[in-house]
Each structure stands twice: as structure tokens, then as C-alpha cells.
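*Asks:* Could you have a look at this structure, given as C-alpha cells, before my questions?
All of the numbers you see were taken from the coordinates with simple rules; none came from a lab. Values in this document were obtained by computation on a predicted structure and should not be read as measured data. Note that we place each Cβ from the backbone using ideal geometry, even for glycine, and neighbour counts take in every protein chain shown.
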Amino acid sequence: MCCDATKCGDYVPWTLTPITSHSGLSVTVQVPSECVGKQVLGLRYLWRTTPCPFKQAAIYSGTDSNLPSPPYIKLFT
């Protein structure tokens, strides 16, 4: 998660955000303490760690458990 406009670039570490729950089509994440009271500017998944080691991704396909979800980035402007 990115909540600091100066840290939303490709090469600056974003804040790790734990998954708190999930279903077949959605994931809920916990807002990290660094972002409380700030505007969320972006979310990303596996952006710099692709490909990840086999069976070590956080999110997998609902139809084939051997396929991790593809990398994802969403910037809110």
C-alpha cells in the first residue's frame, strides 16, 4: 500500500499490508499504522517479486490452485 506521495514510485519500498480475509473474488487488507489518517494512493501485488517462488504467492487462481494471481497495481489520483 502507498499512502505517501513521495514513495509511490517503482523503486521505493511500499508499506507491506497484510491480508485479513479473502473470498473467491475479493481480498480485504489491513491499513498499516503508517497509513492511518492518510489517503491511500495506491495498491499493488507481486509488483517487484514476479515470478515468485512456487506456491509462495499470497493469492492464487480460484480455478487452478497452481496459478498465482498476476501482478497488479492500482494508483488512485
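*Asks:* Using alpha-carbon pairs under 8 Å, 6+ residues apart, how would you state the relative contact order of the chain in percent?
*Replies:* 29
*Asks:* Here is a follow-up. Given a Förster radius of 22 Å and the C-beta distance between LYS38 and TYR72 as r, what FRET efficiency does 1/(1 + (r/R0)^6) yield to the nearest 0.05?
*Replies:* Working: r = 21 Å, r/R0 = 0.96.
Result of the calculation: an efficiency of 0.55.
*Asks:* If you don't mind, another one. Under a Cβ-Cβ cut-off of 15 Å, what is the net charge of the residues other than PHE76 that fall near it, where Lys and Arg count +1 and Asp and Glu count -1?
*Replies:* So the environment of PHE76 carries a net charge of +3.
*Asks:* Something else now. For an R0 of 22 angstrom, estimate the FRET efficiency from the Cβ-Cβ distance between ASP64 and SER21 and round to the nearest 0.05.
*Replies:* 0.50
*Asks:* Just how many % of Cα pairs in the chain lie over 14 Å apart, if you round to the nearest whole percent? It would help to have the intermediate numbers written out before the result.
*Replies:* On the way: 1887 of 2926 pairs.
More than 14 Å apart: 64 percent of the Cα pairs in the chain.
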